[in-house]
Every structure is written in structure tokens, then in C-alpha cells.
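Here is the structure we will look at, set down as C-alpha cells.
The values are calculated or read from the model by the stated rules, or taken from the named source; none is laboratory data. Model, not experiment: these values are computed from the prediction. Cβ: placed from backbone, ideal geometry, glycine included. Neighbour counts: every protein chain shown.
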Amino acid sequence: MAKNNPDNATIQADASPTKDFFISMLVKDIELTRSILDLIDNSVDGARRLKGNGSFKGLKIVISATPSAFTITDNCGGIDRQLAEEYAFRFGRPIGMTTVKHSVGQFGVGMKRALFKLGTHFKVESTAATGSFLIDVDVAAWKKAEGWKFTLEPTAQKLVPPTGTKITVDALHVSVSEDFGLETFQARLKRELEAAHTESIKNGLSISLNSVQLDAREPMLLRSKRLKPVFRESTHGKPSEKRVKVRLYAGVGRAADPKADPREAGWYIYCNGRLVLGHDQTQVTGWGTSSIPKYHNQFSKFRGFVYFDCDDAAKLPWNTTKTGVDAESAIYRTVQREMVTVARPVIDFLNNLDRETKADPSAAPLTRDLERAKLVGLKQVRACQVFVGPTSRVVVKKVTNISYSRPPELVERVKKRLRVHTLREVGEGTFDYYYRYEIKGK
Ligand SMILES: Nc1ncnc2c1ncn2[C@@H]1O[C@H](COP(=O)(O)OP(=O)(O)OP(=O)(O)O)[C@@H](O)[C@H]1O
Ligand SMILES: [Mg+2]
């Protein structure tokens, strides 16, 4: 260093980004389905800009994802020319940009990241009330060219009547094209889109994928006279700033196909109506921490839903890919403590249910209570600070404790075969097995 700078003068280190960082690196941190979601998020924000809190009826997003091309077309207001010139194609959101209230967009990268993730040639055509434009980018040529501009061509006629945006990516990356040809991928994409934007679909927004209309996957909880889910509301932040409203629901659910219960169990977290974390069964949502056990299938009916809403998207605890929460944020930490508190009585109820089923499945009042309960949408859940479950009728038969010791490697094998997690379950499982075949069945 001293050799090149004999005068010991201050020198500047080059910290400018490379285009390759955005084209090849940034896209590695996000899955293809999640990247496509970013484009739908933008159309949804367009719908919000147009309609505010009103109904989205009449607005639609049409997506086509085939091995040869990807297109997404919406009639959600289009991209304003000035916004396109000064902001929409920048990497990162500049300070001072006017924002949409209660938006899903926050970071200023989603669209560009998705375009690079999908392929090597893209077009963005848009018509807003202020005019139309077209951007046509060959990624390899843009990478070689000097500067960071995309050319915005004004278009004479309105391309997407009346106002809206059409994005086309042909020249798909090989892996993307292969994925689009797979039925399993298409089914997953459909599922993720439906889950992520349930709220907008319910609000009248029509979304189709390869000509198939998407349905809202409405969160539901079981409710009856003896079974009351939690519903708490709170507000966070300084009164002088935009505050974050939090709605928290927890209780028990029932998948349409009972085999799907273990897959659907866990916490669901939404920020400004967009699902960022689904059926989470990890420490991020409190499982396996001091007061909540690690998730296992005994809890497959557990369902929790948390909604963070704020006019200022920057206050929300999501990560930049919107695939999870910012677990370090103060607001998430506060709410996570509350999630653990409200989950405990639900876990106790599910433990009782499990004990009851194991003791004698033919006389199981809690199971019958659950069967009688109705699945209701969250709008129908009334405020209730603590989960109420029908605990009082648990049949507590007189029981005797048995204790014995066996070599750990044998116990581990039995545990695996029984598909259980605790020593207690090993003991109960082996006893029940003996009783069923050697005593009851004789
Ligand atoms: N379909 C669309 N309709 C209207 N405006 C759009 C559309 N697609 C993109 N835009 C505009 O382009 C901008 C940039 O989109 P991009 O997804 O890159 O960033 P963002 O949405 O602001 O933030 P984030 O990275 O959090 O998604 C958006 O803020 C929006 O103004
Ligand atoms: Mg976006």
C-alpha cells in the first residue's frame, strides 16, 4: 500500500457494484417459485395503488409459464413513466420515492431479481395513465455495455389496454425451462401463489396460472362451544411513527385430507397480507424452546396465524426475499414471546388428546369434541386471550407407573420402529402392543 502511495495521501477504494453480482449472484439466494411471487407482488401493489383498501374486482393477473417462455400480464394500473425512469429499474429503493400504502414492495429488487432469475432476454411493456413504454433487454449485451441504464422506448399505442403491465421472458435458463415442464413444479407454484396471496384473491383479484384459476387458501380454525381459538390484537411502535398492527390467532385445525395435517401444522406469518412463512415448525416460531416442545406429529392439528400490517412496509419483520421473518427485529421478538404464550394451552390440549386416543380410542370424548367442532374462517373468530379447550372431560383413569431399564441402542431401534420421539412413548407403545395382541385379542 505504502509503495503506491508514497505521500501517504488518502486514497479511494473502488466499491462500485458489478453487473454480474445482480445477474448471477443475487438470484442464488431465492428459489424460482419465490422469485415469480415477486412479480405477482408488484401487480398486487399496483392493484393497491389503484384501489386502496377497496375491492379488487375486475383486476386480474394472467401468468403463463411454459418451457419456452414466461409471461405475466396485469391490468393493475401500469408503471408510471417517470417512476420507470427514475426508480422501477434501479437496484434498491432510493430515499424519497413515493410509496404505496400498505405495500408488499419494500426493497427495490424483486422485479429485477426475478427477470435475471428467469432468463437472458426480457421485455417489460406498460401502459399507465401517464403514457406507455417498452423495455427490451438482452442480458448478455447489457452486461457488456457501459453504464447501468435500460432503454425506455415510448410506444405509440397502448400496449396493455386500459392500463397495465406485461412482462415477457423468453430465452429461459435451461433449469427454469425444465422446471416449467414439470407437473410437480407447476403444482407447487400454484400452491405457493394461492397461499401467498389468499387475501388479495379473496378481495376479488383474479389470478390464473396457465389458464387455471387460482383459489384462495383461506386459513381456518376449529371452533365450538367447548373449543375457542385465541384471537389477540396489539399495536407496536412509537405513536409519532406509522405503527404496526398485529393480529394473532392460534388453535387447532383440520386438513381437508387428514393425512395432510402434519404438513399443514405450525405457524403462518403474513406481512401486509402476503404470506412470508408457512406451516413453520421450527425454533423461529418458538418450537423446541424452553416452554414449547419440539414439533412432532402429536401436534399435527396445531395452527397459528400472525398478521403484521403497516402502511410503511419498512416496519415489517420480513427478510428481503420475503421467505421468512427477520427474527432479530424487536417487534418479531416481542410477538414471538406472545406466540409461545398462546401456544402452550393448545399444546397441553393436544397432549391430552393424544393421551386419550392412546389410552382407549373407542371412548375418546376429546376426539368427539373435535369432530363436532366447525372449521371457521378467521373473520369469524372472536377476541379471546387464551385458548379454551375441552380439558375437563379428559378421562383420567387410575394409572400405575412402570419404570425399567434397557440398553440404549435397543431402545433407539424400538423408538425408530414405533416412529416416536420420547422414552415415555417407547414404554407406552410397547406396553400397548403387548396388551393388544397378548391380552385383548385373546
Ligand atoms: N406490474 C406492475 N404494476 C405496477 N407497478 C409495477 C409493476 N411491476 C413493477 N412495478 C413498479 O416497479 C417498482 C420496482 O419493483 P421491484 O419489485 O423491483 O421493487 P419493489 O416492489 O419496490 O420492492 P421489493 O424488492 O420489495 O419487491 C415497483 O415498486 C413498482 O413501482
Ligand atoms: Mg416488488
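Taking (1) assigned to a loop (DSSP other than H, G, I, E, B); (2) at pLDDT 95 or above; (3) crowded, with 17+ Cβ neighbours inside 10 Å in turn, residue 63 satisfies each apart from (1).
I want to confirm something. Restricting to region 255-274 and keeping residues that are of a type in the set (D, E, K, R) and assigned to a helix (DSSP H, G or I), which single residue is farthest from residue 193 (Cα to Cα)? Outline the logic, then answer.
Within region 255-274, the first condition is being of a type in the set (D, E, K, R), and the residues that meet it are 257, 259, 261, 263-264, 274.
Filter again for assigned to a helix (DSSP H, G or I), leaving 259, 261, 263-264.
Details: 259: 22, 261: 20, 263: 17, 264: 16 Å.
That would be 259.
Among the criteria (1) in a loop (DSSP other than H, G, I, E, B); (2) in contact with a helix residue (DSSP H, G or I) (Cβ under 8 Å, 6 or more places away or on another chain), the one residue 42 does not fulfil is (1). Out of all the residues in region 102-117, which are of a type in the set (Val, Ile, Thr) and under 15 Å from residue 21 (Cβ atoms)? Selection gives 109 alone.
Just checking, does region 105-118 include any residue being away from ligand 1 (no atom under 11 Å from the Cβ), modelled with pLDDT of 90 or more and in contact with a Ser or Thr (Cβ under 6 Å, 6 or more places away or on another chain)? Looking for residues that are away from ligand 1 (no atom under 11 Å from the Cβ), modelled with pLDDT of 90 or more and in contact with a Ser or Thr (Cβ under 6 Å, 6 or more places away or on another chain), one finds at least one in region 105-118, hence yes. Candidates 77, 105, 110: the one that is more than 25 Å from the chain's Cα centre (by Cα) and closer than 15 Å to residue 41 by Cβ is 77.
From the list 322, 245, 294, the lone residue that is in contact (Cβ under 8 Å) with a residue 40 or more places away in the chain and within 27 Å of residue 368 (Cα to Cα) is 294.
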